[in-house]
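Peer 1: Mind looking over this structure? Questions follow.
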Amino acid sequence: MSSNPSDASFRHHVGDVSYVNTLESSISSANSPSIADILNILFAKIIYFVKLIFHLFFQRKFILHRLTGLSYLLQYFLAFYLYFKNYESFKSSFLIWSLPLTGLLQAIIAMYTFTFLSRTKRDAGYYSDRGTLSYPFVVENSFFASLLLFQWLYYSNKFYPLFTSSIIIDNLFVFLPYIPRQLWPKTSFRDSIYNSDKTKTQRNKKFFFIVTHITKWFYVWAKHYIGFFLNYIRFFNRVDTEEIYHIYLLLLFGAFATTISIFLHTLKFKGYLGPKLSFMIYMVSYLATFYSFIRIRNEFIVNIDLTIYVFIGLLLNFTKYQHAYQIFLMILFNAHRNKILPNDITKYLFLS
């Protein structure tokens, strides 16, 4: 999964897509294409596909990054297949930990591979139709990959007891992940729009203006309800087997939006995907998470106490009190889980 600008020099030759298109157009204009013509197109497409795979994943330059990306893609498609084909095998498989761990490793490898990228935080490079990713955006992605790794493991019955017995890790990732977040660079959606005249073509400027705002508000929702809310209900172990089933589908979509989305940018940069199509695929992946929330919608009612606590946190998101609020909830929730709070106080603060 390389975003390497030097790869843009790759061009199609005989057996590539331009050659295939020429063959197809010539055959479509013929009254009765021969079997030889059809086989010729099929062979050309196979050659093109093989060359494409080699170019994307097996060139020596950035080889570790490329092979890790290929490993992630293979694991992702296997995980998606197993999830629908045999969920029991999926949830007990190595993919529960290896897929998100590979995603984190891929993000870390990218940090040490693409150090030559622009250091600007003004435009992340993702929310535009020209230009490359910025280095802060690449580094920032490792933070979100680590959060995703935690949730994949936290919802696994195999790993959940390990986290609950580890007070520091449990509380750090459930309540306080955005305090160490300050150690990572932070790109801004607002800044991505600031430099629109230079990073976006005129015909796509309006499109990226709209989708960037949609993505911004989704991220606010995701931070609090995909992040904090799902962490809170698992912290109190208020989810059953069926709900965990739907949440893992959400995490699969999240894995796509966090890691494979970077690969989409690579395909866009190389010209294999158009800028609008690339971004729309990314949008579909993160908006698909709402399907899982529809399936577990009762959780918002059953856990109305946690729903309200999360909503308050969402309202405080852009204030200086957001970290203090999470520290307060950490103390309160731990006191409740360990049955330290008096019953006459608990009944006003929690449902169960």
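Peer 1: Output wanted: per-residue J couplings in Hz (rounded whole) for the stretch 222-229, from phi through Karplus 6.51 cos²θ - 1.76 cosθ + 1.60, θ = phi - 60°, x for Gly and Pro.
Peer 2: Working through the residues one at a time gives 5, 4, 9, 9, 6, x, 5, 4 Hz.
Peer 1: May I ask you to evaluate 6.51 cos²θ - 1.76 cosθ + 1.60, the Karplus curve with θ = phi - 60°, for each residue of the stretch 301-316 and list the ³J(HN,Hα) values in order in whole Hz, giving x for glycine and proline?
Peer 2: Computed from phi, the couplings for the stretch 301-316 are 7, 4, 10, 4, 5, 6, 4, 5, 4, 5, 5, 4, x, 5, 5, 8 Hz.
Peer 1: Would you mind checking the pairs 61/268; 45/206; 216/320; 45/216 and listing those with alpha carbons more than 31 angstrom apart? Mind showing how you got there, number by number?
Peer 2: Numbers: 61/268 19 Å; 45/206 36 Å; 216/320 19 Å; 45/216 39 Å.
Where the Cα-Cα span goes over 31 Å, the pairs concerned are 45/206; 45/216.
Peer 1: Which of 172, 307, 142 sits closest to the plus end of the dipole of the chain, meaning its Cα is farthest towards the positive end, when Lys and Arg get +1 and Asp and Glu get -1 on the C-beta?
Peer 2: Among 172, 307, 142, the one farthest towards the positive end of the dipole of the chain is 142.
Peer 1: With +1 on each Lys and Arg Cβ and -1 on each Asp and Glu Cβ, and nothing else charged, work out how big the dipole of the stretch 70-178 is about its Cα centre, in Debye to the nearest 20.
Peer 2: Around 120 debye, computed over the stretch 70-178.
Peer 1: Tell me the angle of helix 17-29 to the major Cα principal axis of the chain, expressed in degrees between 0 and 90 and rounded to the nearest ten.
Peer 2: Helix 17-29 sits roughly 60 degrees off the main axis of the chain.
Peer 1: Taking the Cα centre of the chain as origin, work out the dipole magnitude from +1 charges on Lys and Arg Cβ and -1 charges on Asp and Glu Cβ, in debye rounded to 20. Walk me through the numbers on the way to the answer.
Peer 2: Details: 34 positive and 17 negative charges, 179 e Å.
Here the size comes out at about 860 debye.
Peer 1: Next question, about the same structure. For the stretch 229-352, how big is the tail of P(r) above 26 Å, as a whole percent of Cα pairs?
Peer 2: Details: 3099 of 7626 pairs.
Tail of P(r) above 26 Å: 41 percent of Cα pairs.
Peer 1: Once label points are set 7 Å from the Cα along Cα→Cβ at both residue 118 and residue 236, what is their separation, rounded to one decimal in nm?
Peer 2: About 4.6 nm separates the two model spin labels.
Peer 1: Right, here's the next one. What's the long-distance tail for the stretch 64-134, i.e. % of Cα pairs beyond 20 Å? Intermediate values should be presented prior to the final figure.
Peer 2: On the way: 1176 of 2485 pairs.
In whole percent, the share of Cα-Cα pairs in the stretch 64-134 beyond 20 Å is 47.
Peer 1: How far apart, in nm, are two points set 7 Å out from the Cα along the Cα-to-Cβ line at residue 191 and at residue 304?
Peer 2: Calculated label separation equals 4.2 nm.
Peer 1: In whole Hz, with x marking every Gly and Pro, tabulate ³J(HN,Hα) for the stretch 206-221 from phi via Karplus 6.51 cos²θ - 1.76 cosθ + 1.60, θ = phi - 60°.
Peer 2: 5, 4, 6, 4, 5, 5, 5, 5, 4, 5, 4, 6, 5, 4, 5, 4
Peer 1: Turning to a different aspect of this structure: Stretched out fully, how many nm does the piece from residue 158 to residue 67 gain, at 0.36 nm a residue minus the Cα gap?
Peer 2: So the chain would gain 29.9 nm between residue 158 and residue 67.
Peer 1: How about the stretch 237-346: which chymotrypsin sites (Phe, Trp or Tyr not before Pro) there are in a DSSP loop, with at most 16 other Cβ atoms within 10 Å of their Cβ?
Peer 2: 272, 318, 321
Peer 1: A follow-up question, please. Could you give P(r) for the chain, binned at 10 Å from zero, as whole percent values over all Cα-Cα pairs?
Peer 2: Binned Cα distances yield the sequence 5, 21, 29, 24, 13, 6, 2, 1, 0.
Peer 1: Over the chain, what is the mean sequence separation of C-alpha contacts under 8 Å (at least six apart), divided by residue count, expressed as relative contact order in percent?
Peer 2: 18
Peer 1: Give me the distance in nm between label points sitting 7 Å out from Cα along the Cα-to-Cβ direction at residue 206 and residue 334, one decimal.
Peer 2: Taking the simple label geometry, residue 206 and residue 334 are separated by 5.3 nm.
Peer 1: What do you get for the angle between helix 261-270 and the principal long axis of the chain? Use alpha-carbon atoms, 0 to 90 degrees, nearest ten.
Peer 2: Once rounded, the angle reads 20 degrees.
Peer 1: Quick one: Debye curve from the C-alpha atoms of the stretch 285-352, no solvent, what's log10 I(q)/I(0) at q = 0.11, 0.20, 0.21, 0.28 Å⁻¹?
Peer 2: -0.36, -0.96, -1.00, -1.15
Only the coordinates and a few stated rules stand behind these numbers; no lab work does. What you see is a predicted model; the values in this text were computed from it and never measured. Heads up, the Cβs are rebuilt from the backbone with ideal geometry, glycines too, and the neighbour counts pull from every protein chain shown.
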